[in-house]
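Working notes, beginning with the structure itself.
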Amino acid sequence: MFQEILNLCLEYYYHFFNYLIIYPILRILHKKFNFQFLNLGYLPTKNDDISIEELPIDSNDPLLPHIYLYEKTLSVCPAYPHFQAMHLLEIGCGHGGGLAWIKKSHPKIASIKGIDVVIIEENEEIIYGDAHSLPFEDNSFDLIINIESSHLYKDNEKFFNECSRVLRRSGYLCWADLRFHYEVNQLLQQTNNSHFKLIEFLNITDSVIRGIHATSARYNSMLDKAPYIIQLFSGTLKTTYCSPGTETYKRIVHRERLYLCACWINRKKQ
């Protein structure tokens, strides 16, 4: 019980720290280093079940682990990789790197939108929006993707209700994120309460740890070149992106926190 209370306190601490410190810092780093992705990354094993060799990207691209996480999350959708005529929304799109990748790798998607509470610049595709109150009409989308964002939300059940509202019946929610092992049942209950039927549920922790080793090395290099004022927060930044040796990294390695990937189909009434 004490450990669960401690973990909850830490989550609230990082929630407020992210909004007050981390996100403003990321704005600065984006201008200097052209940050496109903010996820931990994913590197598949040789026995992985998705075919990534044919993706339109250089195998030496440093963004590869971030892109693989998007493809892995999309791959659990029954419609993958054929998203023709589908309208897609990314909730928590960050700096838009994922949306740009999806447009490139799945060009037959009918339309793409992204929302985030912290955005670099609004445009036709990316707008300000809160996951608890999505700025869209009912039944607007066929597919929602949400990567490594929902663990920061204040009310996940409200978030899932909003996903169900803006998705058409039989639309898909593709999701990937961290959860403490004792939060998994709550997650499944929340989605069930929001009229979602589970299609696929995977523990991808091993491959995310492989991704972390690649992405954290790149982030560490960026920190070394960052302005001094940002380097003052290097310890907390490394904790945020789970650099090896940090407590957040150890929780994942010891499986206190799991990295999960899932797809649900919307079964709300017409």
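The values are calculated or read from the model by the stated rules, or taken from the named source; none is laboratory data. Source: prediction; values computed, not measured. Please note: Cβ atoms are built from the backbone with ideal geometry, for glycine as well, and neighbour counts cover all protein chains shown.
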Name the single residue, out of those in region 83-138 being at pLDDT 95 or above and of a type in the set (Ser, Thr, Tyr), that is nearest to Asp61 (Cα to Cα).
Ser111
State yes or no: is Lys113 within 18 Å of the chain's Cα centre (by Cα) and among the basic types (Lys, Arg)?
yes
Looking only at region 179-227, and only at residues there that are of a type in the set (Val, Ile, Thr) and out of contact with any helix residue (DSSP H, G or I) (no Cβ under 9 Å at 6 or more places or on another chain), the one that is nearest to Lys158 (Cα to Cα)
Val184
Could you run through region 137-172 and say how many residues are in a helix (DSSP H, G or I), farther than 17 Å from Glu183 by Cα and out of contact with any Lys or Arg (no Cβ under 9 Å at 6 or more places or on another chain)?
4
In region 181-209, what count of residues is obtained for those that are more than 13 Å from Lys72 (Cβ to Cβ) and charged (D, E, K, R)?
2
State which residue is modelled with the highest pLDDT when the search covers only region 195-245 and only residues that are at positive phi and either buried (at least 17 other Cβ atoms within 10 Å of the Cβ) or within 17 Å of the chain's Cα centre (by Cα) (or both).
His195
Can we say Ile212 is in a helix (DSSP H, G or I) and in contact with a Leu (Cβ under 6 Å, 6 or more places away or on another chain)?
yes
The residue that is nearest to Ala131 (Cα to Cα), considering only those in region 173-184 that are aromatic (Phe, Trp, Tyr) and assigned to a strand (DSSP E or B), is Trp175
Determine, yes or no, whether Val118 is in contact (Cβ under 8 Å) with a residue 60 or more places away in the chain and part of a loop (DSSP other than H, G, I, E, B).
yes
May I ask you to list the residues in region 246-270 that are surrounded by fewer than 18 Cβ atoms within 10 Å (Cβ to Cβ) and either modelled with pLDDT under 90 or among the aromatic types (Phe, Trp, Tyr) (or both)?
Lys269, Gln270
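If we scan region 38-46, do we find a residue that is modelled with pLDDT of 90 or more, over 16 Å from Asn146 (Cβ atoms), of a type outside the set (D, E, K, R) and not in a loop (DSSP other than H, G, I, E, B)?
no
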Just one of the numbered conditions (1) under 14 Å from the mean Cα position of the chain (by Cα); (2) not in a loop (DSSP other than H, G, I, E, B) is not true of Lys104; which one?
(1)
Being without any contact (Cβ under 8 Å) to a residue 60 or more places away in the chain, surrounded by 15 or more Cβ atoms within 10 Å (Cβ to Cβ), under 26 Å from His213 (Cα atoms) and small (Gly, Ala, Ser) narrows Ser75, Ser59 down to just Ser75
Count, please, the residues in region 57-82 that happen to be at pLDDT below 95 and among the aromatic types (Phe, Trp, Tyr).
2
